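Structure incoming, see below.
The values are calculated or read from the model by the stated rules, or taken from the named source; none is laboratory data. Note that this is a predicted model, so its numbers are computed, not measured. Don't worry about glycine lacking a Cβ; one is built from the backbone with ideal geometry, like all the others, and counts go over all protein chains shown. Heavy atoms of the whole protein, side chains included, go into the accessibility calculation; ligands, DNA and RNA do not. Shrake-Rupley method; radii C 1.70, N 1.55, O 1.52, S 1.80 Å.
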Amino acid sequence: MSLSLKFLGTSAARPTVERNVSSLALVREGETLLIDCGEGTQRQMMKYGITFALDDIFFTHFHGDHIIGAIGLFRTLALQGRTELMRLWGPKGAKRALGDAVRFGNERIPFPVEITEVEPGQPVARKGYAIVPFAADHGGAPSVGYAMVEEARKGEFHPDVARALNVPEGPLWGALHRGETITLESGRRVEPREIVGPPRPGRTVVITGDTKPSDATVEIARGADLLVHEATFAEEEAARAAETGHATARQAAEIAARAGVRQLVLTHLSARYSADPGLLAREAKAVFENVAVARDGMEIEVPFATESSA
C-alpha cells in the first residue's frame, strides 16, 4: 500500500530562487491530501506531477505564506469546470479566513466548498486511517499540526501452516484472515491465531506546520515513521526562533529523538539557508542521525516498518 510525500514548497515566509513557500502533498493509495497552500502552489503541483483532482486541503494556520496560494488554485479549478466538493480544514478562524480566500478573485465558484474548523485531538476519520490535528505553538496564532495515522493491518497469514492443518485453500483462508474460527469437514476447529500472526501496525506521518518545540509534537509523534518538522533557523538564531514562534534545526532533531521517530525531515527554511542548508543538516545530525533537509520536488516514500527492516 503506497504512501508518499511530495514537498511542493520548503521556504519560510517568502519564496526564493530555490524554494517556494509552504505546501506539501501526501499521497496514499492514489488519494491526494494537500497540507497548506502557499503562493504559487498550483504551479508547483503542475511542475511536480500532483493532481488537481484532490478533495481535501488541510491548513496549519492562516499566515500568508501558507494560504495565499488557495486563491489562484481555486480560480484555476473554477476555470477547469470542477463540480466535485472541496473540503477545507483548519484551526479556529478557518471559516472566515478560508471563506475570504475562496471568494477572492472568483465571481462564482462552480463547485461546493465545505470548511471545517478542527480541534486538537479530534480525528478526521477516513477509510483505513485518520487525520489527527494536534496543537502547535506558533506565537499565539491559532495553529495546528496534522498526524496521518493508519489503522492496524491484519496479521500475516501463514499458508504453509494452513496446509499443514489441512485447511483447503479458498474461502476458509479468507475467513481465518478476517479473524473467524472455522470448522473443517473432519470436525476439527481451527482458530485464526493458529495460522494468522498478530496485527501489524500501520504507518504514522506527523507534519508540524509552524511551531516552537512542543511537548504536543513529542506525544503525537511517538514511534512515528516520519516526522516533518519546521526548521526555520540554525542555532545562531535561536533567540529569533523563539521570538517568532519557530524552531531551530537542532530543536527539531531533539523533538525527533525524544519521540523516537524513524525519520526526520526538516522544512520551512529561512531564506538565509535556502541555497545551502548544510548548516541546518549538520546541527540536526549532531542530535538525530536519520535526518534529511527537504527541497522543492523531493519525494519520500514511507514504507511499513517491517518492509524497511526486511
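Given the options His229, His138, His158, which has the most mean-square fluctuation in a GNM of the chain, springs set between C-alpha atoms less than 10 angstrom apart?
Taking springs between Cα atoms under 10 Å, the residue moving most is His158.
Can you tell which of Ala281, Ala97, Ala294 shows the greatest fluctuation in a Gaussian network model of the chain with Cα springs below 10 Å?
Maximum among the listed residues: Ala97.
What share of the DSSP beta bridges in region 1-144 is antiparallel, in percent to the nearest 5? Provide the component values of the computation, followed by the final result.
Working: 15 of 27 bridges.
Among the beta bridges of region 1-144, antiparallel pairing accounts for roughly 55 percent.
Something else about it: Past the 26 Å Cα-Cα mark, which pairs from Lys6/Lys127; Lys47/Lys127; Lys6/Lys212; Lys47/Lys95; Lys92/Lys212? The partial results should precede the final answer.
Values: Lys6/Lys127 22 Å; Lys47/Lys127 29 Å; Lys6/Lys212 24 Å; Lys47/Lys95 30 Å; Lys92/Lys212 19 Å.
Beyond 26 Å between Cα atoms: Lys47/Lys127; Lys47/Lys95.
For the chain, compute Rg over Rh where Rg is the Cα radius of gyration and Rh is the Kirkwood radius from the inverse mean 1/r over Cα pairs.
Working: Rg = 22.1 Å, Rh = 20.8 Å.
The Rg/Rh ratio comes out at 1.06.
Does region 49-140 come out rounded, prolate or oblate, given a ≥ b ≥ c as the square roots of the eigenvalues of its C-alpha gyration tensor, rounded meaning a/c under 1.5 and, failing that, prolate meaning a/b above b/c?
Values: a/c = 2.04, a/b = 1.37, b/c = 1.49.
Oblate.
I want to check the label-to-label distance for Thr306 and Asp55. Put each point 7 Å from Cα in the C-beta direction and report it in nm to one decimal.
2.9 nm
Continuing with the same structure: Using the Cα atoms of region 112-249 to build a convex hull, what is its mean projected area in square nanometres?
12.8 nm²
Starting from the Cα gyration tensor of region 244-308, take the square roots of the eigenvalues, sort them a ≥ b ≥ c, and report rounded, prolate or oblate (rounded when a/c is under 1.5, otherwise prolate if a/b is larger than b/c, else oblate).
oblate
Same structure, new question: Please work out the C-alpha center-to-center distance from region 6-34 to region 217-236 and express it in whole Å.
First find each Cα centre; the distance between them is then 17 Å.
Right, another one. Over the chain, what is the relative contact order in whole percent, taking alpha-carbon pairs under 8 Å and six or more residues apart? Kindly include the intermediate steps, with their values, before the conclusion.
Values: 710 pairs, mean separation 53.2, N = 310.
For the chain, the relative contact order is 17 percent.
Largest first, what is the accessible-area ranking of Ile68, Ile182 with a 1.4 Å probe? Mind dumping the intermediate values first?
Working: Ile68 85, Ile182 10 Å².
In descending accessible area the options line up as Ile68, Ile182.
Compare Leu226, Leu33, Leu176 in a GNM of the chain, Cα atoms joined below 10 Å, and give the one with the largest fluctuation.
Leu176
Once both labels are modelled 7 Å past Cα along the beta-carbon direction, what's the His177-Leu165 spacing in nm?
So the label points at His177 and Leu165 sit 1.5 nm apart.
Where does the longest stretch of the chain lie that holds no GluC sites (Glu not before Pro) found in a DSSP loop with 14 or fewer other Cβ atoms within 10 Å? Before the final figure, lay out each step's value.
Numbers: sites that count: Glu29, Glu84, Glu107, Glu151, Glu156, Glu169, Glu180, Glu185, Glu289.
It works out to 186-288.
Summing -39500 (n - 2.57) over the DSSP H runs of n ≥ 4 in the chain and dividing by its residue number, what mean residue ellipticity at 222 nm do you reach, to the nearest 500 deg cm²/dmol? Please list the in-between numbers first.
Working: 11 runs with 81 residues, N = 310.
My calculation for the chain gives -6500 deg cm²/dmol from helical runs alone.
For the chain, what is the percent of antiparallel DSSP beta bridges, rounded to the nearest 5? Provide the component values of the computation, followed by the final result.
On the way: 32 of 56 bridges.
Roughly 55 percent of the DSSP beta bridges within the chain come out antiparallel.
Can you pull the percent of the chain's accessible area that's carbon plus sulfur, 1.4 Å probe, other chains left in place?
Numbers: 7090 of 14170 Å².
Whole-percent figure for carbon plus sulfur exposure: 50.
Hey, another quick one. Report the local net charge at Arg75: Lys and Arg +1, Asp and Glu -1, summed over other residues whose C-beta lies under 12 Å from its C-beta. Intermediate results must be reported in sequence, preceding the final value.
Working: positive: Arg82, Arg103, Arg108; negative: Glu107.
Residues close to Arg75 contribute a combined charge of +2.
At 1.4 Å probe radius, can you tell me the per residue accessible area of region 105-179 in Å²?
Result: 54 Å² of accessible area for each residue.
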